[in-house]
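These notes are about the structure you will find just below.
No value in this document is a laboratory result; all are computed from the given coordinates. Note that the coordinates shown come from a computational prediction; the quantities given were computed from them, not determined experimentally. Every residue, glycine as well, gets a Cβ built from its backbone with ideal geometry; the counts of neighbours run over all protein chains shown.
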């Protein structure tokens, strides 16, 4: 039986829709990237990134612009892929996106107080209050405050 004329595969339609609607592509990838947290469902996030790469230039072009081989990109964005951070960032940049971080929704008030823990472990002057330590730490990171 031959192919029916005028029919488009689900995958081809998905690629076309993502190509036509950038906002949809961003939301699609955000939702799929959440699956990377779940080892049993990691393939969905990798395949979604692959679909977005197909929509924004094709895998060969994305691989070339990202500075990796086409074969590496195919292997990395497969169900059993395991991209390095370098590869993930390069692919996202190539398709005009970037990686971002947000707090885990269910952590809320149970999140550790990293400021207090760091203060306890790094305190160089035992007499400093946590606020004094935080100001000293901030000035080391961004420079002293100017008046």
Exercise. Within region 8-53, which residues are touching a helix residue (DSSP H, G or I) at 6+ places or on another chain (Cβ under 7 Å) and in a loop (DSSP other than H, G, I, E, B)?
Worked result: 41
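Table: residues versus (1) part of a loop (DSSP other than H, G, I, E, B); (2) free of Cβ contacts under 8 Å to residues at least 24 places away in the same chain; (3) surrounded by 13 or more Cβ atoms within 10 Å (Cβ to Cβ); (4) over 11 Å from the mean Cα position of the chain (by Cα).
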| position | (1), (2), (3), (4) |
| --- | --- |
| 57 | yes, no, yes, yes |
| 63 | no, yes, yes, yes |
| 71 | no, yes, no, yes |
| 80 | yes, no, no, yes |
| 89 | no, yes, yes, no |
| 93 | no, no, yes, no |
| 99 | yes, yes, no, no |
| 105 | yes, yes, no, yes |
